[in-house]
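The structure appears below as structure tokens.
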Amino acid sequence: MKRVLRWAGAAGAGLTLVYLVLLAWVFRVSRLDQREPADAIVVLGAAQYNGRPSPVLKARLDHALDLYRAGLAPTLVVTGGIGSGDRMSEATVGHRYLRAHQVPDSAIVVRPDGRTTDESMRSVGEWMHDHEHSRMLLVSDPFHMARLRLEAKSNGLDVSTSPTLTSPIVRGSRIELGYLAEEALKLPVAAVHLMFRKPKP
């Protein structure tokens with residue numbers, strides 16, 4: 001019994017150490033802004049309210065607008081499917097918001113066929129490969145960035161990240177810490193996708 005307890009204690013300590021390393025990486029990536037020229041700026045979806053972007057989605061869209069106006073990419077890709085009880089996709093709301101801010105329709109790509117981060121990245125990956133693009137600049141909340149990198153790489157994409165700094169999920173807040181902790185738990189799943197999904201040529 002003592003031997004079993006020792007093994008269990010060692011395993012628990014090892015798992016805790018791995019988790020802390022993942023949490024440190026999630027935090028580090030959340031503080032990096034890698035804005036640089038790309039084929040497209042990709043905005044990850046978030047909640048919308050009857051056709052209006054939530055404060056989280058608005059912050060992401062506003063940041064993407066700043067990057068687009070700085071000339072970092074010729075195309076904005078908006079993502080996000082239809083949530084439970086909604087009649088409009090997050091991507092459609094993002095498209096309407098960008099059009100209202102003088103972005104030409106020809107510069108916006110709508111990918112509404114994803115209810116999860118993985119599904120959205122697969123959808124974006126299909127569009128990127130179909131148009132022979134590879135380099136994307138991802139926009140989302142800071143806590144989201146580490147997993148987004150892995151999801152993009154699992155779809156054979158070259159990625160840099162630029163987090164919004166105006167989200168209501170304030171940097172350094174207790175709420176953000178909770179999201180960072182949750183993302184560290186999700187990273188192993190994204191890593192498995194990266195290991196076993198065959199990238200498109």
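Data table
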| item | result |
| --- | --- |
| Cross-chain or 6+ apart pairs with Cβ under 7 Å, the stretch 132-150 first and assigned to a strand (DSSP E or B), then open to solvent by less than 10 Å² (accessible area, probe 1.4 Å) and not aliphatic (A, V, I, L, M) | L137/S160; L137/S162; L138/T161; V139/S162; V139/T164 |
| Filter pass, L67 being open to solvent by less than 40 Å² (accessible area, probe 1.4 Å), part of a helix (DSSP H, G or I), farther than 20 Å from R115 by Cβ and at pLDDT 90 or above | yes |
| Residues being under 16 Å from S54 (Cβ atoms), open to solvent by less than 10 Å² (accessible area, probe 1.4 Å) and of a type in the set (S, T, N, Q) - total across the stretch 139-166 | 2 |
| Residue satisfying all of: in the stretch 111-138; hydrophobic (A, V, I, L, M, F, W, C) and within 30 Å of A24 (Cα to Cα); surrounded by the fewest Cβ atoms within 10 Å (Cβ to Cβ) among these | L137 |
| Single condition A107 does not satisfy, out of (1) free of Cβ contacts under 8 Å to residues at least 40 places away in the same chain; (2) out of contact with any strand residue (DSSP E or B) (no Cβ under 9 Å at 6 or more places or on another chain); (3) more than 24 Å from Y49 (Cβ to Cβ) | (2) |
| Tally of residues being touching a Ser or Thr at 6+ places or on another chain (Cβ under 8 Å) and under 20 Å from L23 (Cβ atoms) across the stretch 146-160 | 5 |
| Boolean, R52 is open to solvent by 30 Å² or more (accessible area, probe 1.4 Å), more than 17 Å from the chain's Cα centre (by Cα) and among the charged types (D, E, K, R) | yes |
| Sole residue being at pLDDT below 95, assigned to a helix (DSSP H, G or I), hydrophobic (A, V, I, L, M, F, W, C) and surrounded by fewer than 23 Cβ atoms within 10 Å (Cβ to Cβ), chosen from L22, L32 | L22 |
| Identity of the residue in the stretch 88-110, of a type in the set (D, E, K, R) and open to solvent by 50 Å² or more (accessible area, probe 1.4 Å), that ends up farthest from A47 (Cα to Cα) | D105 |
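The values are calculated or read from the model by the stated rules, or taken from the named source; none is laboratory data. These numbers come from a predicted model, not from an experiment. No Cβ is skipped: glycine too gets one built from the backbone with ideal geometry, and neighbour counts run over all protein chains shown. Quick note on the areas: whole protein, heavy atoms, side chains included, nothing else; ligands and nucleic acids left out. Shrake-Rupley method; radii C 1.70, N 1.55, O 1.52, S 1.80 Å.
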